[in-house]
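Novice: Could you have a look at this structure, given as C-alpha cells, before my questions?
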Amino acid sequence: MPLKGPRIKSSDVLNIDSVVSFILTLQRESGNIPWHADGKTDPWDLVETIMGLNIGRRFDASYRAFEWLKNYQNPDGSWYSSYINERPDDLTCETHMAAYICVGLFHTWLINKDTLFLEHMWPVMEKGVNYAISLQAKTGEIYWAKSPEGLVDPMSLLAGASSIFMSLKCALAIAAILGKRKISWEKAFDKLGKSIRENIHNYNVSKSRFSMYWFYPILSGALKGESANHRIEKYWNRYVIKGQGARCVSDQPWVTIAETSELVLALIAMGSVEKAGIVFSWIQDKIYEDKTYWCGYTYPDMVIWPEEKISWTNAVVLMAADALYDLTPASGLFCHRSWDGCLYTDLVN
C-alpha cells in the first residue's frame, strides 16, 4: 500500500546518546534494569534493553545485565515473569522469556565478537533453551508457561512462539560459533517453524487483537516471502493508524512506540525498507525534551499514556534505527536474507 504523509528526518531527532544515557540511569548495582524508576523487571524486556545498550556500545552495562540474568535464573532454566526490587513478583515461568537471552547474546557477539563471553554464558543459555523446548507439543507449538504451582498451561501464543523461533535461530548460531552441535534444538526449531507456517490455527486466537500477533511471525523469520507480504497487506489497516504508527491492540486508538519500532524491524526483515523508513519517521517527534521516547499515546486526542519513560521502548527504537541505518554489525540480525534456516549466512560468506 502506498504511504503518504509528512516524513520527519530521524537524523534531526534521534539522539542515541540521550537514549542510552537514560537507560543507564535505570540500571541498578545488581545489573538489573527495570522498566522505569521503581518499575518491574521482566527477563524478555531486559534482553531487549541490553540490545539497546549494545547499539550504544555500552558493553560494560550489557554484561552486568546478563550477569543479573545469570544470577536470577531458576534451576530448571526458566525465569519468573516479573521481579520488583530484585524479588520475584509473578511466579509464572514463560517459555519465550527463558529463550530470548539467545537473541541478546548473539546480538552482542555480532557487534563485539567476544567469544569468551559466549562461552561464559553458554550454560545459562543452554538451560534457558532446554526449558523452552521441554514444553513443545508433538505438533510443534510450544506451550507458553508453567504456573507458579509448576503446572504446564497447554496454550500456545503466536507472538511468544515466534519469539522462541528467533531465539532458537540465535541459539544454534551461537552453538556453531562455539563448535557445538545441538540436535534436539535443531529438531525443535524445524518443528516450531512448520507449526507456525502450516498450523497457525493451533495458536490462541484471542490474542489476535495484539499487533504482535500480526507481525511477530514475520519479524522472527518464521513467515517469509509471499506469506509475509500477504499477512502484512491483509491486516495493515487493522493495526496501523496512517501517519501515526502501530496500535498496541486493534480495538483501541493507542499507538505504542515499541510496537511501531518492531513493525519497522519486521518490514525491514522482509525487505520493505522504504515503507519501514516512512513508518519510523512517524514516531520521531514523539519524544520528551531530553530526546527520549514516549511509551505510547492515544489518537486523535494525543494524550501521552503511560507517562513513564520505559527502558525497553527506548531500546527498540535504537534497534529499528540500527536496522534502517546500519549503525552496527548487528543491523541485519532480523533480516530474512541474513538467515538460511538456522544458519546466519554472514558467518559463512
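The values are calculated or read from the model by the stated rules, or taken from the named source; none is laboratory data. All of these numbers come straight from a predicted model, not from anything done at the bench. All Cβ positions, glycine included, derive from the backbone under ideal geometry; neighbour counts span all protein chains shown. We work out accessible area using only protein heavy atoms, side chains counted, and drop any ligands, DNA or RNA first. Shrake-Rupley method; radii C 1.70, N 1.55, O 1.52, S 1.80 Å.
Novice: Return the sequence-ordered ³J(HN,Hα) values of segment 96-110 in whole Hz as given by the Karplus equation 6.51 cos²θ - 1.76 cosθ + 1.60 applied to θ = phi - 60°, using x for Gly and Pro.
Specialist: Karplus values, whole Hz, x for Gly and Pro: 5, 6, 6, 8, 5, 4, 4, 5, x, 5, 5, 4, 4, 5, 4.
Novice: Right, next: Run the accessible area of segment 159-229 with a 1.4 Å probe and give the carbon-and-sulfur part as a rounded percent.
Specialist: On the way: 1410 of 2770 Å².
Ligands and nucleic acids excluded, carbon and sulfur reach 51 percent.
Novice: Running Debye on segment 86-221 with equal point scatterers at the Cα sites and no solvent, what base-10 log of I(q)/I(0) appears at q = 0.13, 0.20, 0.21, 0.22 Å⁻¹?
Specialist: -0.55, -1.17, -1.25, -1.33
Novice: Let me ask another. To make sure I understand the rule: partners must be aspartates and glutamates, Cα under 17 Å from the Cα of Lys309, and not fewer than 8 residues away in the same chain. Which ones qualify?
Specialist: Asp17, Asp38, Asp42, Asp45, Glu48, Glu259, Asp285, Glu289, Asp290
Novice: R0 = 30 Å: FRET efficiency of Tyr299 with Glu149, Cβ-based, nearest 0.05?
Specialist: On the way: r = 41 Å, r/R0 = 1.37.
For R0 = 30 Å, the calculated efficiency reads 0.15.
Novice: Now for a different question. Using amide H atoms built in the peptide plane, which far-off residues or other-chain residues are under 5 Å from Asp89 H to H?
Specialist: Ser82, Tyr83, Ile84
Novice: Hey, could you grab the Kirkwood Rh for segment 204-349? Inverse mean 1/r over distinct alpha carbon pairs, Å, one decimal.
Specialist: Numbers: mean 1/r = 0.0640 Å⁻¹.
The answer is 15.6 Å.
Novice: Any cysteines in the chain with zero other Cys Cβ atoms under 4.7 Å from their Cβ? List them, or say none.
Specialist: Cys93, Cys248, Cys295, Cys335, Cys342
Novice: Follow-up question, since we're still on this one. Among Asp190, Asp290, Asp17, which one shows the highest mean-square fluctuation when the chain is modelled as a Gaussian network with alpha-carbon springs under 10 Å?
Specialist: Asp290
Novice: Could you give the length gained on full extension between Asp285 and Glu307, defined as 0.36 nm per residue of separation minus the Cα-Cα distance, in nm? Provide the component values of the computation, followed by the final result.
Specialist: On the way: separation 22, 0.36 × 22 = 7.92 nm, distance 1.57 nm.
Between Asp285 and Glu307, full extension yields 6.4 nm more.
Novice: Which value results for Rg/Rh of segment 6-134 when Rg is the Cα radius of gyration and Rh the Kirkwood radius based on the inverse mean 1/r? Intermediate values should be presented prior to the final figure.
Specialist: Working: Rg = 15.1 Å, Rh = 15.2 Å.
Computed over Cα atoms, the ratio is 1.00.
Novice: Also, quick follow-up: Would you calculate the separation in nanometres between label points at Asn229 and Val273, each defined as 7 Å from the Cα along the Cα-to-beta-carbon direction?
Specialist: It is 1.8 nm.
Novice: Using only the Cα atoms of segment 147-270, build the gyration tensor, take square roots of its eigenvalues as a ≥ b ≥ c, and label the shape rounded, prolate or oblate: rounded if a/c is under 1.5, else prolate if a/b is larger than b/c, else oblate.
Specialist: Working: a/c = 1.98, a/b = 1.50, b/c = 1.32.
Cα axes put segment 147-270 in the prolate bin.
Novice: Please say if segment 200-273 is rounded, prolate or oblate, where rounded means a/c under 1.5 for a ≥ b ≥ c the square roots of the C-alpha gyration tensor eigenvalues, and otherwise the choice is prolate for a/b larger than b/c and oblate otherwise? Kindly include the intermediate steps, with their values, before the conclusion.
Specialist: Details: a/c = 1.77, a/b = 1.13, b/c = 1.57.
Since a/c reaches 1.5 but b/c is at least a/b, the shape of segment 200-273 is classed as oblate.
Novice: In addition: Hey, what's the Cα Rg ratio for segment 65-139 versus the globular rule of thumb, 2.2 N^0.38 Å?
Specialist: On the way: Rg = 13.0 Å, N = 75, 2.2 N^0.38 = 11.3 Å.
Cα Rg divided by the expected 2.2 N^0.38 Å: 1.14.
Novice: How would Thr108, Thr139 rank on accessible area, largest to smallest, probe 1.4 Å? Kindly include the intermediate steps, with their values, before the conclusion.
Specialist: Working: Thr108 5, Thr139 85 Å².
Listed by decreasing accessible area, they come as Thr139, Thr108.
Novice: For q values of 0.17, 0.21, 0.30 Å⁻¹, compute log₁₀ I(q)/I(0) with the Debye formula on a Cα-only model of segment 264-323, without solvent.
Specialist: -0.61, -0.87, -1.24
Novice: Peptides 176-187, 156-167: what's the order by average Cβ count within 10 Å, highest mean first? Write out the running numbers ahead of the final one.
Specialist: Working: 176-187: 13.6, 156-167: 26.7.
For the peptides 176-187, 156-167, the packing ranking is 156-167, 176-187.
Novice: Just want the answer: with Cβ charges of +1 for Lys and Arg and -1 for Asp and Glu, which residue in Thr298, Gly221, Gln73 is farthest toward the dipole's positive end in the chain?
Specialist: Farthest along the dipole direction, towards plus: Gly221.
Novice: Next question. Whole-Hz ³J(HN,Hα) for each residue in segment 179-186, computed from phi via Karplus 6.51 cos²θ - 1.76 cosθ + 1.60 with θ = phi - 60°, x for glycine and proline: what do you get?
Specialist: Using θ = phi - 60°, the values come out as x, 10, 10, 10, 4, 5, 5, 4 Hz.
Novice: Report the relative contact order of the chain, percent, no decimals, based on alpha-carbon pairs under 8 angstrom and at least 6 residues apart. Could the numbers behind the result be given before it?
Specialist: Values: 614 pairs, mean separation 68.0, N = 349.
About 19 percent, as a whole number.
Novice: Now for a separate question. Around Gly296, which amide H atoms from residues at least 5 apart in sequence, or from another chain, sit under 5 Å from its own amide H, with H modelled in the peptide plane?
Specialist: Answer set, sorted by chain and number: Ile257, Trp305.
Novice: In the P(r) worked out for segment 119-160, what percent of Cα pairs fall beyond 14 Å? Before the final figure, lay out each step's value.
Specialist: Working: 463 of 861 pairs.
Tail of P(r) above 14 Å: 54 percent of Cα pairs.
Novice: Check Ala145: other-chain or 5+ apart residues with amide H under 5 Å from its amide H, H built from backbone geometry?
Specialist: Thr95, Asp153, Met155
Novice: Using only the Cα atoms of the chain, build the gyration tensor, take square roots of its eigenvalues as a ≥ b ≥ c, and label the shape rounded, prolate or oblate: rounded if a/c is under 1.5, else prolate if a/b is larger than b/c, else oblate.
Specialist: Working: a/c = 1.35, a/b = 1.18, b/c = 1.14.
It is rounded, given that a/c, with a ≥ b ≥ c, falls under 1.5.
Novice: What nm value, rounded to one decimal, do you get for the distance between Asn85 and Lys180 when each label is placed 7 Å out toward the C-beta?
Specialist: Label at Asn85, label at Lys180, 3.7 nm between them.
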